[in-house]
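The values are calculated or read from the model by the stated rules, or taken from the named source; none is laboratory data. Remember, it's a predicted structure, so these values are computed and weren't measured experimentally. Cβ coordinates were reconstructed from backbone atoms using ideal geometry, including for glycine residues, and neighbour counts include every protein chain displayed.
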Amino acid sequence: MSESSLRELGMDLIEERQFERALAVFAEAVRRVPADHRSRMMAARCLAELGERERAVTSYHACAEGLLRRDYLLSAMAACKQALDLAPNERRLKDTLIRVHSRAVRSAPGRAAVPPPLPPETLYDGKVETDLMGLVGEELSNRAIEVLAAPDPGGSADPNSRPPLPLFADLDREAFIDLVGRMAWRRVRPEEVVSREGEPTDHLYVLVAGKAEVTRQMDGEARTLGFLGGGSIFGEIALLTGATPTATVAAVSDTEVFEIRREHLNAVAKTHPAVPQILADFAQQRMARNLMATSPMFQTLPESERGAMLQRFAFRALQPNEKVLVEGEHSPGLFLVLAGELVVQKEDPAGGTVTLGVLREGDVAGEISLLSGLRASATVAATRKTAAAFLERNAFHELVRTFPHIRTYLEQLSERRLKQIGEALRPLEIIDADELVLEPEAA
């Protein structure tokens with residue numbers, strides 16, 4: 001039976017809550033292939049379910065060390081996290097997390113190289129000759145732990161590379177360990193929704209392993225925007241700004257995620273006050289990258305110049321119904337929507353208000369007043385919590401002098417919008433009643 005077949009059999013047994021048989025299958029998979037850390041992790045879960053908490057922790061720890069050796073840092077953290085849920089004060093787990101953190105940050109620009117501490121001595125060599133699937137009870141448990149606690153002899157991290165550890169590597173060591181201890185880890189089944197478009201959430205998600213699909217409702221149907229793999233982060237903008245998610249994320253295959261709630265960050269921030277700003281900086285950088293990749297305004301510039309242009313903007317968190325432009329008043333500056341949405345409305349001379357459109361990610365507001373020097377031609381307000389990049393009036397004029405392509409784009413956009421405003425306010429044509437009378441021959 002192949003490695004993957006053994007795993008599938010073990011998963012079926014777990015579904016049936018036959019944890020002892022599942023333990024035998026997963027431990028046998030590891031005996032045959034010590035690098036099968038997925039089976040090692042599942043075997044640790046079986047030990048926990050069978051009440052063998054100490055052995056489960058030992059197995060999770062060996063799994064984490066093997067994953068760290070191969071530079072699978074998020075998965076190593078996942079193994080440590082599950083073990084910490086069983087033994088929150090286990091020192092060896094925190095030592096491994098310190099080594100995970102050191103591995104991620106020691107090559108970071110501006111940080112001193114910190115050699116990680118040596119891994120602990122191992123008590124087991126894993127040299128078990130017996131097929132574990134024929135064992136039960138104490139004999140199975142004793143042989144299984146010899147296999148599961150033995151180190152993975154393969155794999156070797158490249159000391160010159162810096163493996164990705166998004167967000168976590170930006171935290172200092174103690175804040176990192178504190179957050180890992182508080183956040184949640186969970187497995188997501190295929191087609192299960194992790195985050196749903198339009199539903200309020202206070203979660204940030206880190207995809208540890210697996211694959212997820214990102215979709216958005218367009219013209220009444222869900223359209224695929226892309227796929228996320230291990231190491232992807234989503235939800236940070238909603239967590240930071242309070243804006244609801246603009247897309248749905250659902251698992252495509254068996255997927256593992258870390259869940260970081262606002263309460264987790266608040267608790268960590270009590271001891272580590274820099275954490276909220278680190279999250280804000282991280283989220284703003286992510287929004288900036290997304291904006292530069294998707295906003296039509298940025299597409300007019302060479303990629304090498306986009307970062308310098310965006311640095312001129314300041315981050316603004318807008319509350320529901322907050323007005324960024326008021327019809328009849330000068331625009332304070334240019335707004336770029338990062339997340340959320342703005343509604344554009346104009347007073348109708350015939351009475352009432354006309355909605356001219358909705359601005360979403362990548363759209364701009366305020367350019368007509370800035371370019372013409374006239375007062376704003378419409379009122380623009382946030383429909384919900386919205387994140388925006390803002391460039392004040394004087395800085396805007398400097399921007400368009402420095403980047404003439406931007407001026408050309410905004411002038412063309414302004415022209416189109418003024419035309420739309422005129423059409424929206426044009427009175428309906430009066431049709432002569434005689435034109436609606438059909439001739440008898442045509443009836």
* Asked: Residues Val400, Val354, Val337: which one is touching an Asp or Glu at 6+ places or on another chain (Cβ under 6 Å), of a type in the set (A, V, I, L, M, F, W, C) and free of Cβ contacts under 8 Å to residues at least 60 places away in the same chain?
  -> Val337
* To do: Scan segment 244-265 for residues that are crowded, with 20+ Cβ neighbours inside 10 Å, closer than 14 Å to Ser232 by Cα and out of contact with any Phe, Trp or Tyr (no Cβ under 9 Å at 6 or more places or on another chain) and jot them down.
  => Ala251, Thr255
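Can you report the number of residues in segment 141-164 which are touching a Gly at 6+ places or on another chain (Cβ under 9 Å) and either modelled with pLDDT of 90 or more or closer than 30 Å to Gly10 by Cα (or both)?
Our first condition is that a residue be touching a Gly at 6+ places or on another chain (Cβ under 9 Å); within segment 141-164, this holds for 146-155, 164.
Okay, now just the ones that are also either modelled with pLDDT of 90 or more or closer than 30 Å to Gly10 by Cα (or both), so 146-155.
The number of residues fulfilling the criteria is 10.
The rows are residues; the columns are (1) basic (Lys, Arg); (2) at pLDDT 80 or above.
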{"site": "Met287", "(1), (2)": "no, no"}
{"site": "Met292", "(1), (2)": "no, no"}
{"site": "Gly307", "(1), (2)": "no, no"}
{"site": "Phe313", "(1), (2)": "no, yes"}
{"site": "Arg316", "(1), (2)": "yes, yes"}
{"site": "Val326", "(1), (2)": "no, yes"}
{"site": "Pro332", "(1), (2)": "no, yes"}
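Which of the residues spanning segment 248-274 are over 17 Å from the mean Cα position of the chain (by Cα), closer than 20 Å to Leu74 by Cα and of a type outside the set (Gly, Ala, Ser)?
From segment 248-274, those over 17 Å from the mean Cα position of the chain (by Cα) are 253-254, 263, 266-274; that's our starting set.
This time we only want the ones that are closer than 20 Å to Leu74 by Cα, so: 253-254, 268.
Asp254, Val268, listed by residue number.
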* Consider Arg393 against the criteria (1) modelled with pLDDT of 90 or more; (2) under 17 Å from Thr241 (Cβ atoms): it satisfies all of them except one. Which criterion is unmet? -> (2)
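Can you name the residue in segment 41-98 that is in a helix (DSSP H, G or I) and among the acidic types (Asp, Glu) and is also nearest to the chain's Cα centre (by Cα) among such residues? Quick ask: steps written out before the conclusion?
As a first pass, look at segment 41-98 and keep what is in a helix (DSSP H, G or I): 41-49, 53-69, 73-86, 91-98.
Subset that is among the acidic types (Asp, Glu): 49, 54, 65, 85, 95.
Working: Glu49: 31, Glu54: 33, Glu65: 26, Asp85: 24, Asp95: 27 Å.
Out of the qualifying residues, it is Asp85.
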* To do: Report whether or not Val268 is buried (at least 20 other Cβ atoms within 10 Å of the Cβ), in contact (Cβ under 8 Å) with a residue 40 or more places away in the chain, closer than 14 Å to Asp172 by Cα and of a type in the set (A, V, I, L, M, F, W, C).
  => yes
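Scanning for something within 24 Å of Thr300 (Cβ to Cβ) and of a type in the set (Gly, Ala, Ser), does segment 342-351 turn up at least one residue? Working first, answer last.
Let us first name the residues in segment 342-351 that are within 24 Å of Thr300 (Cβ to Cβ), namely 342, 344.
Keeping just the survivors that are of a type in the set (Gly, Ala, Ser) gives none.
Checked segment 342-351: no residue is within 24 Å of Thr300 (Cβ to Cβ) and of a type in the set (Gly, Ala, Ser).
Please enumerate the residues belonging to segment 384-397 that are part of a helix (DSSP H, G or I) and either touching a residue at least 24 places away in the same chain (Cβ under 8 Å) or touching a helix residue (DSSP H, G or I) at 6+ places or on another chain (Cβ under 7 Å) (or both). Lay out the reasoning, then the answer.
Just the residues of segment 384-397 that are part of a helix (DSSP H, G or I), to begin with: 393-397.
Across segment 384-397, the qualifying residues are Arg393, Ala395, Phe396, His397.
Do any strands (runs of 3 or more DSSP E) entirely within segment 212-331 hold 1 or more residues that are assigned by TED's automatic domain parsing to the domain that holds Ser195, and if so, which? Steps first, please.
On the way: elements: 212-218, 221-228, 248-251, 255-261, 314-318, 323-325.
In segment 212-331, 212-218, 221-228, 248-251, 255-261 are the strands (runs of 3 or more DSSP E) which contain 1 or more residues that are assigned by TED's automatic domain parsing to the domain that holds Ser195.
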* Residue that is more than 27 Å from Arg99 (Cα to Cα), small (Gly, Ala, Ser) and in contact with a strand residue (DSSP E or B) (Cβ under 8 Å, 6 or more places away or on another chain), where the choices are Gly231, Gly226, Gly220 -> Gly226
